[in-house]
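Working notes, structure below.
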Amino acid sequence: MAYNNPNIMDKIFEPVFGLFYSSRYSSFIRYMDIAGTENIFEFGCGSGQLTRRLARRLEGGGHITSIDIAPYWIGKMRKKLGAESRVTIILGDLLGIDPGKGQYDLVFVHYVLHDIARFNRYAYVVALSSLLREGGRLCICEPTKASHGMPAFEIRDLMEKCGLEKRDSGYGINGVKSDFSATFVRPAQKS
Ligand SMILES: C[S@@+](CC[C@H](N)C(=O)[O-])C[C@H]1O[C@@H](n2cnc3c(N)ncnc32)[C@H](O)[C@@H]1O
């Protein structure tokens with residue numbers, strides 16, 4: 001689906017999806033196990049359904065920087081978030097922007113990488129992994145069905161090629177059996 005170029009059905013059903021997927025969002029937020037103090041980067045925020053829920057958990061001074069390539073979804077998100085000071089919203093393509101290399105404790109990707117053309121995924125994972133500080137985590141959740149998604153082994157391969165180490169992974173962590181969630185860590189540089 002060209003979610004970054006939404007059609008009329010995507011637009012009409014977005015609020016319904018938000019409610020329908022509410023428990024998936026909550027489960028993934030639990031999975032990310034945040035302390036509330038983290039500097040967080042979100043890749044592909046869409047209309048901010050997950051962002052809004054996560055922002056409420058940042059009681060310890062944490063912050064989220066969210067990027068999306070679609071003006072329509074970023075417009076929706078700006079309206080929904082209003083004056084939320086814990087979120088910075090960027091409209092654009094990560095490959096042309098540096099939101100802060102090595103600055104983030106947590107980078108997360110929820111239902112985005114599978115939407116990017118396969119030949120281009122590595123470039124985005126390189127960019128995402130470069131945002132992590134040493135010891136920082138990258139959490140990802142993607143569908144893995146042949147009809148909609150990408151294989152879990154491809155996610156692992158991409159992360160490992162970028163020097164990230166797998167901490168844990170599993171299917172169905174968000175309640176959807178075919179969804180794959182995983183956490184990768186940027187190891188400390190050897191001196
Ligand atoms: C299926 S939606 C998921 C949105 C959100 N993460 C969620 O789970 O509700 C995929 C989002 O990824 C965005 N996206 C796709 N390619 C992107 C890219 N290269 N850079 C940033 N965002 C992108 C789309 O515009 C869309 O908003």
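The values are calculated or read from the model by the stated rules, or taken from the named source; none is laboratory data. All values reported here derive from a predicted model rather than from experimental measurement. Using ideal geometry, Cβ is built from the backbone for each residue, glycine included, and neighbour counts are taken over all protein chains shown.
Of all residues being charged (D, E, K, R) and away from the ligand (no atom under 14 Å from the Cβ) in region 99-141, which is surrounded by the most Cβ atoms within 10 Å (Cβ to Cβ)? Just the residue, please.
If we filter region 99-141 for residues that are charged (D, E, K, R), which is where we start, we get 101, 105, 115, 118, 121, 133-134, 137.
Checking the rest, the ones that are also away from the ligand (no atom under 14 Å from the Cβ) come to 101, 105, 133-134, 137.
Working: Lys101: 11, Asp105: 18, Arg133: 16, Glu134: 10, Arg137: 22.
Applying the filter and picking the extreme gives Arg137.
Identify, from the list Gly75, Gly82, Gly136, Gly170, the residue that is under 25 Å from Glu38 (Cβ atoms) and out of contact with any Phe, Trp or Tyr (no Cβ under 9 Å at 6 or more places or on another chain).
Numbers: Gly75 fails: under 25 Å from Glu38 (Cβ atoms); Gly136 fails: out of contact with any Phe, Trp or Tyr (no Cβ under 9 Å at 6 or more places or on another chain); Gly170 fails: out of contact with any Phe, Trp or Tyr (no Cβ under 9 Å at 6 or more places or on another chain).
On inspection, the qualifying residue turns out to be Gly82.
Name the residues in region 62-92 that are part of a strand (DSSP E or B) and not charged (D, E, K, R), would you? I'd like the intermediate steps shown before the answer.
In the first step, residues of region 62-92 are kept if they are part of a strand (DSSP E or B); the result is 63-68, 87-91.
Those that are part of a strand (DSSP E or B) and not charged (D, E, K, R): His63, Ile64, Thr65, Ser66, Ile67, Val87, Thr88, Ile89, Ile90, Leu91.
Out of Gly36, Gly46, I need the residue that is farther than 22 Å from Gly170 by Cβ and surrounded by fewer than 17 Cβ atoms within 10 Å (Cβ to Cβ). Which one? Spell out how you get there, then give the answer.
Details: Gly46 fails: surrounded by fewer than 17 Cβ atoms within 10 Å (Cβ to Cβ).
Of the residues listed, the single one that is farther than 22 Å from Gly170 by Cβ and surrounded by fewer than 17 Cβ atoms within 10 Å (Cβ to Cβ) is Gly36.
Taking only pairs six or more apart or across chains, which ones have beta-carbon atoms under 6 Å, a first residue in region 176-191 that is modelled with pLDDT under 95, and a second residue that is surrounded by fewer than 11 Cβ atoms within 10 Å (Cβ to Cβ) and not aromatic (Phe, Trp, Tyr)?
From region 176-191, the pairs are Ala188/Glu134.
Cβ-Cβ below 6 Å, separation at least six or inter-chain, first residue in region 35-63 and more than 10 Å from His110 (Cβ to Cβ), second assigned to a helix (DSSP H, G or I) and near the ligand (Cβ under 8 Å from one of its atoms): which pairs?
Pairs found: Ser47/Trp73; Arg53/Tyr25.
Identify all residues within region 126-146 that are within 24 Å of Ser47 (Cβ to Cβ) and either of a type in the set (S, T, N, Q) or assigned to a helix (DSSP H, G or I) (or both); write none if there are none.
Step one: list which residues in region 126-146 are within 24 Å of Ser47 (Cβ to Cβ), which gives 127-128, 131, 138-145.
Matches in region 126-146: Ala127, Leu128, Thr144.
Report yes if Phe41 is modelled with pLDDT of 95 or more and within 11 Å of the ligand (Cβ to nearest atom), otherwise no.
no
Given (1) over 23 Å from Leu158 (Cβ atoms); (2) out of contact with any strand residue (DSSP E or B) (no Cβ under 9 Å at 6 or more places or on another chain); (3) more than 9 Å from the ligand (Cβ to nearest atom), identify the lone condition not met by Tyr72.
(3)
When you check Leu95 against the structure, is it in a helix (DSSP H, G or I) and within 16 Å of the ligand (Cβ to nearest atom), yes or no? Full working, then the answer.
Values: in a helix (DSSP H, G or I): yes; within 16 Å of the ligand (Cβ to nearest atom): yes.
Spelling it out, Leu95 is indeed in a helix (DSSP H, G or I) and within 16 Å of the ligand (Cβ to nearest atom).
For region 108-128, indicate whether the set of residues that are farther than 26 Å from Gly75 by Cβ and of a type in the set (Val, Ile, Thr) is non-empty.
Among the residues of region 108-128, at least one is farther than 26 Å from Gly75 by Cβ and of a type in the set (Val, Ile, Thr), which makes the answer yes.
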